[in-house]
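Trainee: Okay, handing you the structure first.
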Amino acid sequence: MEDEFYRIKRLPPYVIAEVNGMRAAARAAGRDIIDLGMGNPDLPPPAHVIDKLCEVAHKPDAHGYSASAGIPGIRKAQANYYGRRFGVEVDPATEVVMTMGSKEGLASLATAITAPGDVVLAPNPSYPIHTFGFIIAGATIRSVPTTPDENYFRSLERAMAFTVPRPSILVVNYPSNPTAETVDLAFYERLVAWAKANKVWIISDLAYSELYYDGVPTASILQVPGAKDIAIEFTSLSKTFSMAGWRVGFAVGNARLIAAMTRVKSYLDYGAFTPIQAAACAALNGPQDIVEKNRQLYQKRRDVMVEAFGRAGWDIPSPRASMFAWAPLPPALKDMGSLEFSKQLLTHAEVAVAPGVGYGEDGEGFVRIAMVENEQRLRQAARNIKRYLASMGVNATAA
């Protein structure tokens, strides 16, 4: 039986899969489900990137094994991105490795640097790979809050004082998936100082680096002087260039962590398909106007969603970054819990969202809403939700 295997026993049922199964069944039955559950970009990649993929795929010598760490051109392109965007100088040969999306990269790094019994500090709520990548590797998780306030740093101090063995790794993810919270450079400066004082590695997931709003760019932890002594950072082309299915990501930073991860990856894979790597170079090196265009599109969707859902009777905080909103359940329905509320929305409003409890116990009372449908569909979702809320006795005018 599969539940007898050591690592499988450490993995709970994937809560979000329950809602996904209901959504698939509803669609199979012919129902028009407005899917705001999965962070799957609905926009196409830039045309010149697709053209490059096709061009290289036509070359007869482009179909063999590729380089696990990424071809030199792609690592150089990512290094140039860090220089251009963050003013950070990185060595493409020793401080950059390509990953098959940031998710695979995080899992490979966890395999490379953790041993059974190691304690890892990870946010709660968090994207599942931030905890389960390390759980699969045999580590133990101690949760810290997601909200980057004074309580966050008090939690870090308590973790160091009262955890045996002392934590050796801290995972951070800003802009946060699922909560969409953001931090500034001062936060990272304080975090780097704390990590150095406590001899803790920092793993930063910056997958939403380019989805920021209201003209406030996201910061990189590597902008802090000396951060590369203790930090590694993951980015992805999935959201930046709408290339989620291409599985192109990067790890950048501490050379020792990069080397360990690269060595493990060399045993596990031969790298992404060469035409995909060439096309990713075209994305990073080519015109960047598509990035700003997509950012403005998501910002407009955000504004439409917050306004329309608010008028429907559901007040949603406006996210400052990412493609998600982290929405508290309507107060009158809070006792329902996030999983049941998500099921109810799917069944009665034909709107799919992700239950917050699927991101950790501290996610209870919230749902994650992905802005992956156009403005017309978001307004339709709001109308459907308004009818559902009214049926539950929630008055839209009271919101």
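Trainee: Among Tyr208, Tyr188, Tyr14, which one moves the most in a GNM of the chain with springs linking Cα atoms closer than 10 Å?
Mentor: Tyr14
Trainee: Cα centroids of the stretch 202-218 and the stretch 322-392: how far apart, whole angstrom?
Mentor: Centre-to-centre distance over Cα atoms comes out at 24 Å.
Trainee: Would you mind telling me which residue in Gly310, Gly70, Gly245 has the biggest mean-square fluctuation in a Gaussian network model of the chain, where springs connect alpha carbons within a distance under 10 angstrom?
Mentor: It is Gly245.
Trainee: Whole number in Å², please: accessible area per residue of the stretch 1-122, 1.4 Å probe, ligands, DNA and RNA not counted.
Mentor: In whole numbers, the stretch 1-122 has 53 Å² accessible per residue.
Trainee: To the nearest 10 square angstrom, how much accessible area does Phe5 have with a 1.4 angstrom probe?
Mentor: Roughly 130 Å² of Phe5 is accessible to a 1.4 Å probe.
Trainee: For n ≥ 4 DSSP H runs only, could you compute -39500 (n - 2.57) per run for the chain, divide by its residues and tell me the 222 nm figure to the nearest 500?
Mentor: Details: 14 runs with 170 residues, N = 399.
Calculated at 222 nm, the ellipticity per residue is -13500 deg cm²/dmol.
Trainee: Please arrange His58, His348 by accessible surface area, largest first, computed with a 1.4 Å probe and ligands excluded.
Mentor: Solvent-accessible surface, decreasing: His58, His348.
Trainee: Relative contact order (percent) for the stretch 188-338, with alpha-carbon contacts under 8 angstrom and 6 or more residues of separation?
Mentor: Details: 159 pairs, mean separation 30.8, N = 151.
Result for the stretch 188-338 is 20 percent.
Trainee: How much solvent-accessible surface does Arg75 expose, in Å² to the nearest 10, with a 1.4 Å probe and all protein chains in place?
Mentor: Approximately 40 Å² of Arg75 is accessible to the 1.4 Å probe.
Trainee: Okay, next question. Rounded to a whole number, what % of the accessible area of the chain do carbon and sulfur atoms account for, probe 1.4 Å?
Mentor: Of all accessible area on the chain, carbon and sulfur atoms account for 55 percent.
Trainee: Let me ask something else. What does the convex hull of the alpha-carbon atoms of the stretch 1-148 project to on average, in nm²?
Mentor: For the stretch 1-148, the mean projected area of the Cα convex hull comes to 14.5 nm².
Trainee: Given a Förster distance of 25 angstrom, what is the FRET efficiency for Arg154 paired with Asp335, based on the Cβ-Cβ distance and rounded to 0.05?
Mentor: Approximately 0.25, to the nearest 0.05.
Trainee: Taking +1 at the Cβ of each Lys and Arg and -1 at the Cβ of each Asp and Glu, which of Phe273, Val120, Thr94 sits farthest along the dipole of the chain towards its positive end, judged by Cα position relative to the Cα centre?
Mentor: Phe273
Trainee: Another question, then. Work out how far the C-alpha atoms of the stretch 292-399 reach from end to end along every principal axis, then list the three figures in whole Å, largest first.
Mentor: 40, 31, 23 Å, listed from the longest principal axis down.
Trainee: For helix 255-268, what angle does its Cα long axis make with the longest principal axis of the chain, in degrees from 0 to 90 and rounded to 10?
Mentor: 80
Trainee: Another question, if that's okay. Would you kindly find the accessible area of Lys9, with a 1.4 Å probe and non-protein molecules such as ligands, DNA and RNA excluded, rounding to the nearest 10 Å²?
Mentor: 140
Trainee: Still on this structure: Longer than 19 Å from Cα to Cα, which of Lys103/Lys239; Lys239/Lys265; Lys103/Lys300; Lys76/Lys293; Lys59/Lys103; Lys52/Lys300 are they? Say none if no pair is. Provide the component values of the computation, followed by the final result.
Mentor: Details: Lys103/Lys239 13 Å; Lys239/Lys265 23 Å; Lys103/Lys300 28 Å; Lys76/Lys293 25 Å; Lys59/Lys103 30 Å; Lys52/Lys300 30 Å.
Flagged as over cut-off: Lys239/Lys265; Lys103/Lys300; Lys76/Lys293; Lys59/Lys103; Lys52/Lys300.
Trainee: Compare Ala321, Ala332, Ala282 in a GNM of the chain, Cα atoms joined below 10 Å, and give the one with the largest fluctuation.
Mentor: Greatest mean-square fluctuation among the candidates belongs to Ala332.
Trainee: Now, a different point. I'd like the orientation of helix 101-113 relative to the chain: the angle between its Cα long axis and the longest Cα principal axis, in ° from 0 to 90, rounded to 10.
Mentor: Helix 101-113 and the main axis of the chain meet at about 60 degrees.
Trainee: Between Ser266 and Asp214, what FRET efficiency comes out of the Förster formula 1/(1 + (r/R0)^6) with R0 = 41 Å and r the beta carbon distance, rounded to 0.05?
Mentor: Efficiency, rounded to the nearest 0.05: 0.45.
Trainee: What distance in nm lies between label points placed 7 Å from Cα along the C-beta direction at Ala259 and Gln296?
Mentor: My value for the distance between the label points is 4.6 nm.
Trainee: Note the angle between two axes, namely the Cα long axis of helix 150-162 and the longest principal axis of the Cα atoms of the chain, as a number of degrees from 0 to 90, rounded to the nearest 10.
Mentor: 60
Trainee: Below 8 Å, C-alpha to C-alpha, sequence gap of six or more: please give me the relative contact order for the stretch 327-399 in percent.
Mentor: Working: 76 pairs, mean separation 21.4, N = 73.
The value is 29 percent.
Trainee: For Cα pairs less than 8 Å apart in space and 6+ apart in sequence, what is the mean separation divided by the residue count of the chain, i.e. the relative contact order in percent?
Mentor: Relative contact order for the chain comes out at 24 percent.
Trainee: Taking amide hydrogens as modeled 1.01 Å from N in the peptide plane, which residues meet the under 5 Å criterion relative to Thr140, leaving out close sequence neighbours?
Mentor: Sorted by chain and number, the residues that satisfy this are Gly117, Asp118, Val119, Val120.
Trainee: Another question, if that's okay. Please give every one of the lysines within straight-line cross-link reach of Lys386, meaning a C-alpha to C-alpha distance under 18 Å, and leave out same-chain neighbours fewer than 8 residues apart.
Mentor: Once the sequence-local lysines are set aside, what remains near Lys386 is Lys334, Lys343.
The values are calculated or read from the model by the stated rules, or taken from the named source; none is laboratory data. Quick caveat: nothing in here was measured; it's all calculated off a predicted structure. All Cβ positions, glycine included, derive from the backbone under ideal geometry; neighbour counts span all protein chains shown. These area figures cover heavy atoms from the full protein model, side chains too; ligands, DNA and RNA do not enter into them. Shrake-Rupley method; radii C 1.70, N 1.55, O 1.52, S 1.80 Å.
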